[in-house]
1. Only residues that are assigned to a loop (DSSP other than H, G, I, E, B) and modelled with pLDDT of 95 or more: list them for region 45-74, please.
2. Every residue in region 26-61 that is without any contact (Cβ under 8 Å) to a residue 24 or more places away in the chain, surrounded by 14 or more Cβ atoms within 10 Å (Cβ to Cβ) and charged (D, E, K, R), please.
3. Among the numbered criteria (1) in contact with a helix residue (DSSP H, G or I) (Cβ under 9 Å, 6 or more places away or on another chain); (2) small (G, A, S); (3) outside any strand (DSSP E or B), which single criterion is violated by G85?
4. Checking A42 against (1) at pLDDT 95 or above; (2) under 19 Å from V90 (Cα atoms); (3) small (G, A, S): exactly one of these is not met. Which one?
5. Which of the residues that make up region 7-25 are over 21 Å from K111 (Cα atoms) and either touching a residue at least 60 places away in the same chain (Cβ under 8 Å) or of a type in the set (S, T, Y) (or both)?
Amino acid sequence: MADDSLTRLRKLCLALPETTERLSHGEPTWFVRGKKTFVMYADRHHDDRLAFWCPAPPGAQEELTGAEPDRFFRPPYVGHRGWLGVRLDVDVDWAEIDQIVRDAYRLVAPKSLVLLLDA
């Protein structure tokens with residue numbers, strides 16, 4: 001399951017303009033222009049969850065973790081900044097994951113790249 005989830009998440013992230021991947025804290029992590037993180041994979045990194053962490057629009061973390069705590073959580077270290085933890089070891093809606101990844105990208109990417117994404 002982990003390999004399939006990582007493969008699918010990688011495909012979504014690398015499809016976005018000027019995205020790169022490298023290990024950060026021992027886990028695959030995706031960056032915009034090699035600098036700004038927008039998705040961090042978490043293969044039971046700090047707990048027993050297979051998940052990813054990403055920045056989320058204001059209020060999204062509270063809304064999603066409150067509505068579906070079995071799928072979404074506040075990740076350690078970055079949760080206080082509004083980042084969202086998204087479980088991949090449950091029933092996953094990959095269309096929803098794609099939207100969450102794109103929203104995270106939009107939050108950190110320069111406007112010129114967001115325009116490419118939206119074109």
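The values are calculated or read from the model by the stated rules, or taken from the named source; none is laboratory data. Being a predicted model, the structure only gives us computed values, none of them experimental. Neighbour counts are summed over all protein chains in view; Cβ atoms, including those assigned to glycine, are modelled from backbone coordinates with ideal geometry.
1. Going through region 45-74, the residues assigned to a loop (DSSP other than H, G, I, E, B) turn out to be 45-49, 55-59, 68-71, 74.
Within region 45-74, P55, A56, P57, P58, G59, E68, P69, D70, R71, R74 qualify.
2. The one that is without any contact (Cβ under 8 Å) to a residue 24 or more places away in the chain, surrounded by 14 or more Cβ atoms within 10 Å (Cβ to Cβ) and charged (D, E, K, R): E27.
3. With respect to (1) in contact with a helix residue (DSSP H, G or I) (Cβ under 9 Å, 6 or more places away or on another chain); (2) small (G, A, S); (3) outside any strand (DSSP E or B), G85 is out only on (3).
4. That leaves (1) as the condition not met.
5. Of region 7-25, the ones over 21 Å from K111 (Cα atoms) are 7-11, 22-25.
Residues satisfying the conditions are T7, R8, L9, S24.
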